[in-house]
Each structure stands twice: as C-alpha cells, then as structure tokens.
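The structure appears right after this line, and notes come after that.
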Amino acid sequence: MNPIFQQLQTVVDRYDELNEQLADPEVMNDGQHYMALSKEAGSIRETVEVYHRYQQVVQDIQDAQDLLDDPEMAPLAKEDLNSRKPEQEELEDKLKVLMLPKDPNDDKNIIMEIRGAAGGDESSLFAADLLDMYRRYAERQNWSLSIIDESTTEVGGYKEVAVMITGDSVYSKLKFESGAHRVQRVPATETQGRVHTSTATVGVMPEFEDIDFELNESDLEEEFFRSGGAGGQNVNKVSTAVRLIHKPTGIMVKMQEERTQIKNRDKARKLLASRVYDFYAQQNEAEYAEKRKSAVGTGDRSERIRTYNYPQNRVTDHRIGLTLNKLDRIMNGDLDEVIDALVIADQTAKLAELNK
C-alpha cells in the first residue's frame, strides 16, 4: 500500500478526536484553545471527507464485483464498475495531494516587496506595473492590498514598494512570485522604437505575528525622526517617523506613513519581523535546495523566474517552461492560469519525491 494511504486512518482518528474535544464544555469556554482546535480540524476536514467518499467507492466496487456472477444483476454491476473505477482513481490522486506535507505558512497573509532593478527609470515603471497586476489579482480573489512603505521615482514608478495583502490563503497562491521578473518592451522614453530589457524583483514573505516568530526587543535599535513630504503641520514638526534596525542581521526598516509614532512603530515592527524571518528562511531554503531541487526554483530573488514580452503579448515562466500569449490579460490581474500551473508543478515534484 502507498505510504500516503497508510497515514489516512491516523488523520481520520485525529479528526474524530478533535471533534470530541470541541464538544467538551471546558474547551468551548477556553476561546484561544477552542480556536486552535477548530483551525486544526478545519485543515484536515477535506481530507477526511474525501477519504470517506473513497472508502464508499471502494465498497461499491467490491459489491458490484460480487454481483457479476448473477445473470440478472450483472449488467447493472458492470455499469457501476464503469463509473466507480474512474472515480476511485480520481479520489486516489486527490488524496495523494491532500496528504502532501503542508507549508505551515500557506494560510497566512503576506508582505510583498517590489523593487526596480536593472534598467533605470524603466525598471521602476515596470515595478509599478507589477504592483498594479498584483492589485488587480487581489481584487479578483477578494483580498485586500494596502501600501505600507514606498519610495517613488520622478517618472511615476517605484524604487521600491512594500504592500500588505490580506485574505484567504494568500501565501499559498503568491509564494512562487519571489524572484526576478524581466520585461521586454519599448520604453515610453525611447525615441527610436527599440525594445529594451529591464528587471524588477519581487519578494513574498508571510506575515508573522509574535506567536510565530519572536523578534527580541534587545536585538532592535530604534530611531525617531521627522517625516518628510506632504501631510500637514504635524508631519514635519513632530518626530513621528520610525527607523528600526535588527542588529544581528543589519536589516533596517523605516516607516513614516502614519501620523503617530506608535502606529509607525507598529507597522515598522511588523515589516521588520517578516524581513528578518525571510532572511533566515532564505538561508534554510538554500540548504534545503541543495538536497532537493524544486520544480519552481528556490524562490531566490536573484533568480530570473518570468519574462514579460510586450511586442509579442507573451509571458514565459522559465521555471516550468510555461508560455502564454496572454500578457495583456495577465497584466490585468488574470494570473490564475500561471499560479495554478506553478502549484501543480510543485505538487508533482513533491509527489515524485514521496514515491521514490
């Protein structure tokens, strides 16, 4: 028997145990514990339901096979077998995917950082285009996107911009977007119609609360200063802007979007926690990637992952060899086909690893 199926009864037993605990009055009165158990039960509910359906289909197949020797029932039994056997195969494949090791960050919100890289002004404009693409995709998913830090250029692009995207399972769908994105097009400033190549980098980090990742206050150095730019009298006269430095890594964050020091520090701390966690996670991922090459790459931001070719209306994801002549739709936020292909490629690679 496939080792994945050997684990299924353990999952079912755990699900039954969780439901018993959730019905316990003492647990129901402990809000935090109840929510934790509910979340765990919810995470395996689909697996249990699919497994129960699988067991029913297997039983139906056995019952039909037992009737094949009955002249009167044989025709109906054959019909049942013809419909149940394909369903059995589909359910087996689904269970294999459901039983894959889950990324604990998949249901988290994210902080996404987009930076103009090679290409000067054109790269900053492309960074702005990528932000618009993700904003439109977020709208399609009923997610919320908000800018938490930005550095703009004179031409209307971004040197860098950090956004928070909140919603249902955001990280699971956008985690493969980390890397270098390349654009090939005629810049608005090009007078001779020549195609230029520029790049922007995208970094996707799960949002971490203190319960997930502890950012020790003793490791932080903070400075307060006056905000610059528009924003009224309070902005330039009071030191509301915050700069936080994580001393062990040297990672620095500054925040001046809010009008109060407390709000700016809270935002800066959240962004810094995600950046520091990502720093250590990238180190661990690099070690892990030496042992196993993922079908969608390491996610390192220096790795070129995708090319956007405007003259040919073409997008190519280099990690999985996917090419779509739908650049206009993709830039309008229609990313489902790309993201679904990346998720399937990752699942396929993990299944192959498990079946070795």
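The values are calculated or read from the model by the stated rules, or taken from the named source; none is laboratory data. Note that the structure is predicted; figures quoted are calculated from it, not measured. Reconstructed Cβ throughout: ideal geometry from the backbone, glycine too, with neighbour counts over all protein chains shown.
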Within region 160-169, does at least one residue satisfy the condition of being among the aliphatic types (A, V, I, L, M) and assigned to a helix (DSSP H, G or I)?
no
Mind checking whether some residue in region 130-147 is outside any strand (DSSP E or B) and at pLDDT below 85?
no
Would you pick out the residues in region 286-301 that are modelled with pLDDT of 50 or more and more than 17 Å from Lys175 (Cβ to Cβ)?
Glu287
I need the full set of residues from region 160-198 which are modelled with pLDDT of 90 or more and of a type in the set (Lys, Arg), in order please.
Lys173, Lys175, Arg182, Arg185
Quickly run through region 114-129 and pick out the residues that are surrounded by 22 or more Cβ atoms within 10 Å (Cβ to Cβ) and assigned to a strand (DSSP E or B).
Ile114, Gly116
Hey, among the residues in region 221-260 that are modelled with pLDDT of 75 or more and of a type in the set (S, T, N, Q), which one's farthest from Ser146 (Cα to Cα)?
Thr249
Within region 248-273, take every residue that is small (Gly, Ala, Ser) and touching a residue at least 12 places away in the same chain (Cβ under 8 Å) and give me the one that is surrounded by the fewest Cβ atoms within 10 Å (Cβ to Cβ).
Ala273
